[in-house]
Amino acid sequence: MRFRPTVAETIAGVLLLLLVVAALWPSLLAPGDPLAVSHADAFQPPSLAHLFGTDESGRDIYTRVVHGASESLLIGVLATAIGIGLAVVLGFVAGLGPRWLDFGTTRVVEVLFAFPGLLLALLFIVVTGPGVLSSTIAVGLATAPGYARIIRSQVRRTASAEFIEAARVLGRGRLWITARHILPNVTAALFVLATLGLGQAIIWVSSLSYLGLGAVPPAAEWGAMLAAGRTYIANFWWMTFFPGLAIVASAAAATVIGRGIQKRNRSAA
Amino acid sequence: MPSRRFSRPRAAVVVTAAVALLLAACSPGGGATTTEPSGEPVTGGTLTYASGDAEPSCLDPHVGGNYPQALIATQYLESLVSLDEDGEVVPWLATEWDASDDGLEWEFTLRDDVTFTDGTPFDAEAVAANIAHVQDPATASSTGYLALAKIKDVVAVDDHLVRFEMSAPDSALLESLSQVWVAMESPKALERSQEENCAAPVGTGPFVVDTWERQDSVTLVRNDDYNSPPADVAEATEGSDLPYLDSIVWRFIPDSASRYAALQSGEVQVIDNAQPDTIKSAESDDAIEELDAPRPGAANRIELNSGKAPFDDERVREAFIRSVNVDDGIQSLFFGTAERSYSPLSSVEPLGLSLPDLFTVDTDAASALLDEAGWDERDADGYRAKDGERLTLDFPVSTNQSIPAEQSLFEQIQADAKTAGFEVKLQPLDLSSWYGVLAENEYDLVSAPYTKVGPDVLRILYHSDSITPAPSGYFANLAQVDDADLDELLTQASAASDAGERASLYEEAQRIILEGYYILPLYDQQNHFLRSSSVQGLRAMPTVSTPTFAGAWLVP
């Protein structure tokens, strides 16, 4: 089948590509120093010299948004990895383990699932204290129950398929079956989950920073910039608008791509 | 073909959440209409006040004693004396006073026609009970406790004559007594548990605490029997029946953008802690007026903790102060609403000493000083180091006590200090965590407001005795200045009865503090209020600059 991306997917793809470039080589897109204070340039509206304007300390918002990508993206990717990693373990334990283990794990996941994810993350941060690392882990932990449920059902469905039955009859070991048959069948779903989850994780991480529980000043992190700018929203809109736009755009791009992959998987299946 | 609609639930949730986050602080915009100020006071109506300060955990300012408590307590508590616009002490609940020649005994004649709002008469016994309450360690007072430290005993001579016996002469006694942190409360009410008294303190003021919805608002209602304004107000409002308002709803809106938006929309009529940019934009708005009331006592300053390394070395302190440029930051962040200070004292204090020359930025000198002090290595990140240890400064910031512009200023200081090789670690903390860090001595830099009437605030902030915590656990000498000469000067000054001698002692004391590079003065404690132009008769107390609504009215 030929790969034909839609317009939305093309835009999303370009955006994600830009995001990755911004995250890995920020100086390519914005050569300035995101922390450079310039009193004389404080509160400048968007102009050619400062595409997105400047903030209260005269720092260039465009530079800060670009440099903020690595923080947001890195935390987003790490948090998603933690969430999915944890979920894979839980999902496989529940999906393949004995009935009592399945019962136990599923109940625990359901209890965790009853809490809104952000609340779970906040709970974790209250215990460990704010910071980039703890907010990453917090978001990872908070997203794990949702993924675990999906993975468990995928594992269960695959495990009851006829070709697994056949492999078992042929005397293949449990580990071999898991590694060779079940895991590959779950990966496709995992990939979609991860892409969709990335968008969500970026938002959550920004939310935590916005609440002052993530990145500490003067870090150029989108949520923190949003929080700093809202004080001035009555007079200087650009301080909140552009970091906000970056969050919306990257979350939306990740979601569009995720759904695109999901759609193709489904039609391929 | 699968649908291309972008409206699947999960996608929708993600996008909605993102948009919600973006718009979280959107302001509704102004729609208030202009009203011509009218001269005649109008009776009745409810005024809504929005405070950006931390909600007090106790409405009785004897307990702890911070500015948010003073703001609200000014509406329902009154003191023995007050100050007029010229800073002269005027009668309030006490009509006359007299000190003995040795300064060890003070007699106050009290008004005999005042009752607390619970019906208890105001008399000498009540004064004694209040001083005892402030001094009782169980009350956990800090501001009031420190202000009244020299009162040894209070004797009720007769019903309306009370005598204070002092452990040492106190030239600041009247100034101390004018503050709301030592205001008079009903002795009957004070006998209740602290929890009950905190929820609804009983005073003699123009308003009475009615209800307190935690995390939301306090409702104050008119004291119909009010008859005890301070002497200067009584004279000015002769013949009128104060207060004019029926009630005040005292709301807590910590977010400054929402607070300003609430004022613009007419939802509230007065806000405090106004942001510099909103003060600036309100200048051109006829519907909003400003009230600027710099607080007395200390200027806002950054204290350098001289009690531990690296700031136990004066050269490092000087290097830090010489390497940060705060002038430009104040200019751009405060839009001309704050003026740079070079004094430990507020600009409203006549005895303040300013030494601008000590604070000129000189990065070369700073660099030489650091080399001399042994911080001559540079590590991989460009920070200075000594014996492999980085020159790191912990700077806990109380987000409840400093407006965002000030926090931005701290970030700029952080950037400047980085150039000089200092790693400043800014830690935004809520009030209780912040107190915790201070108590653990885990700070090198800190900015803590301290308001007190008169230069005696210097004794509280920089006498070595103040390194010992008050009963509340708070210690005021955060710079941890421990200088015998300074102690001596401050002790003498607070006992000096001669005005000229007092002034020169305080000048000498301030010189030691400034020249020792213990503090980096920033500006007066900012105390900007914005009011709707429908609010008339609002004024700030000449004591601690809290607004009083005793003579305020609403133009309908």
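Observations on the model:
- The number of residues in the stretch A:161-191 being part of a loop (DSSP other than H, G, I, E, B) and open to solvent by 90 Å² or more (accessible area, probe 1.4 Å) comes to 2.
- Pair list, Cβ < 6 Å and 6+ apart or interchain, from the stretch B:269-297 residues that are away from chain A (no Cβ under 14 Å) to residues that are in a loop (DSSP other than H, G, I, E, B) and hydrophobic (A, V, I, L, M, F, W, C): B:A287/B:A32; B:P294/B:V348; B:P296/B:V348; B:P296/B:V453
- Within the stretch A:98-115, not a single residue is within 14 Å of chain B (Cβ to nearest Cβ) and not charged (D, E, K, R).
- Restricting attention to the stretch B:51-80, the residues that are open to solvent by 10 Å² or more (accessible area, probe 1.4 Å), in contact with a strand residue (DSSP E or B) (Cβ under 6 Å, 6 or more places away or on another chain) and under 21 Å from B:Q275 (Cα atoms) total 1.
- Of the residues making up the stretch B:82-131, not one is basic (K, R) and exposed (fewer than 15 other Cβ atoms within 10 Å of the Cβ).
- Within the stretch B:313-333, being open to solvent by less than 10 Å² (accessible area, probe 1.4 Å), within 14 Å of chain A (Cβ to nearest Cβ) and within 20 Å of B:Y518 (Cα to Cα) holds for B:S323, B:V324, B:V326.
- Residue count for the stretch B:322-357 satisfying the condition of being closer than 28 Å to B:V453 by Cβ and either assigned to a helix (DSSP H, G or I) or acidic (D, E) (or both): 5.
- Odd one out for A:S207 among (1) more than 30 Å from A:Q154 (Cα to Cα); (2) polar (S, T, N, Q); (3) more than 7 Å from chain B (Cβ to nearest Cβ): (3)
- Of all residues in the stretch A:226-241, those being within 10 Å of chain B (Cβ to nearest Cβ), assigned to a helix (DSSP H, G or I) and open to solvent by less than 30 Å² (accessible area, probe 1.4 Å) number 4.
Per-residue answers, yes or no, for (1) more than 28 Å from A:D33 (Cβ to Cβ); (2) modelled with pLDDT under 90:
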position	(1), (2)
B:A405	no, yes
B:G421	no, no
B:K452	yes, yes
B:I460	yes, no
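- Taken as a whole, the stretch B:512-520 holds no residue that is touching a strand residue (DSSP E or B) at 6+ places or on another chain (Cβ under 9 Å) and over 30 Å from B:V361 (Cβ atoms).
- Number of residues in the stretch B:128-150 that are closer than 16 Å to B:S79 by Cα and touching a strand residue (DSSP E or B) at 6+ places or on another chain (Cβ under 6 Å): the value is 4.
- Among the residues making up the stretch B:41-64, those that are under 28 Å from B:Y145 (Cβ atoms) and among the small types (G, A, S) are B:S51, B:G52, B:A54, B:S57, B:G64.
- Residues that are assigned to a helix (DSSP H, G or I) and among the small types (G, A, S) were ranked within the stretch A:97-119; the one that is least open to solvent (accessible area, probe 1.4 Å) is A:G117.
- Considering the conditions (1) over 26 Å from B:E40 (Cβ atoms); (2) in contact with a Phe, Trp or Tyr (Cβ under 9 Å, 6 or more places away or on another chain); (3) away from chain A (no Cβ under 14 Å); (4) open to solvent by 10 Å² or more (accessible area, probe 1.4 Å), B:T211 is excluded by exactly one of them, (2).
- B:T419 meets the conditions (1) part of a helix (DSSP H, G or I); (2) among the polar types (S, T, N, Q); (3) crowded, with 17+ Cβ neighbours inside 10 Å in every case but one. The failed one is (3).
- Annotation for the stretch B:237-257: at least one member residue is within 14 Å of another protein chain (Cβ to nearest Cβ), of a type in the set (V, I, T) and within 24 Å of the chain's Cα centre (by Cα).
- Selection of first residues in the stretch B:465-493 that are in contact (Cβ under 8 Å) with a residue 24 or more places away in the chain and of a type in the set (S, T, Y) and of second residues that are open to solvent by less than 20 Å² (accessible area, probe 1.4 Å) and part of a helix (DSSP H, G or I), restricted to Cβ pairs under 9 Å at least 6 apart or on distinct chains, gives the following pairs, ordered by first then second residue: B:S466/B:I460; B:S472/B:T139; B:S472/B:T143; B:Y474/B:T143; B:Y474/B:L438.
- Cβ separations smaller than 8 Å between residues 6+ apart or across chains give the following pairs from the stretch B:186-214 residues that are free of Cβ contacts under 8 Å to residues at least 12 places away in the same chain to residues that are outside any helix (DSSP H, G or I) and open to solvent by less than 30 Å² (accessible area, probe 1.4 Å): B:T211/B:V218.
- Members of the stretch A:211-225 found to be open to solvent by less than 10 Å² (accessible area, probe 1.4 Å), facing another protein chain (nearest Cβ under 9 Å) and under 19 Å from B:N400 (Cα atoms), listed by number: none
- Considering only residues in the stretch A:7-23 that are away from chain B (no Cβ under 14 Å) and of a type outside the set (G, A, S), the one that is farthest from A:V256 (Cα to Cα) turns out to be A:V21.
- Among residues that are within 19 Å of the chain's Cα centre (by Cα) and either within 14 Å of another protein chain (Cβ to nearest Cβ) or in a strand (DSSP E or B) (or both), B:R301 is included.
- Odd one out for A:V93 among (1) among the β-branched types (V, I, T); (2) open to solvent by less than 50 Å² (accessible area, probe 1.4 Å); (3) away from chain B (no Cβ under 14 Å): (2)
- Summed over the stretch A:35-52, residues that are within 14 Å of chain B (Cβ to nearest Cβ) and either more than 24 Å from A:L18 (Cβ to Cβ) or at pLDDT 90 or above (or both) total 9.
- Checked against (1) within 14 Å of chain A (Cβ to nearest Cβ); (2) open to solvent by 20 Å² or more (accessible area, probe 1.4 Å); (3) not basic (K, R), B:Y260 passes all but condition (2).
- On inspection, B:Y76 qualifies as within 20 Å of the chain's Cα centre (by Cα) and assigned to a loop (DSSP other than H, G, I, E, B).
- Residue match in the stretch B:86-95 (condition: at pLDDT 95 or above and either among the charged types (D, E, K, R) or not in a strand (DSSP E or B) (or both)): yes
- Restricting attention to the stretch A:251-269 and to residues that are more than 9 Å from chain B (Cβ to nearest Cβ) and within 16 Å of the chain's Cα centre (by Cα), the residue that is farthest from A:L18 (Cα to Cα) turns out to be A:I257.
- Members of the stretch B:238-266 that are hydroxyl-bearing (S, T, Y) and either assigned to a loop (DSSP other than H, G, I, E, B) or over 26 Å from B:L59 (Cα atoms) (or both): B:S240, B:Y244, B:S265
The values are calculated or read from the model by the stated rules, or taken from the named source; none is laboratory data. Fair warning: this is a prediction, and the values are worked out from it, not measured in the lab. With ideal geometry, Cβ positions are generated from the backbone for all residues, glycine too; neighbour counts draw on all protein chains shown. The area values use the complete protein model at the heavy-atom level, side chains included, leaving out ligands, DNA and RNA. Shrake-Rupley method; radii C 1.70, N 1.55, O 1.52, S 1.80 Å.
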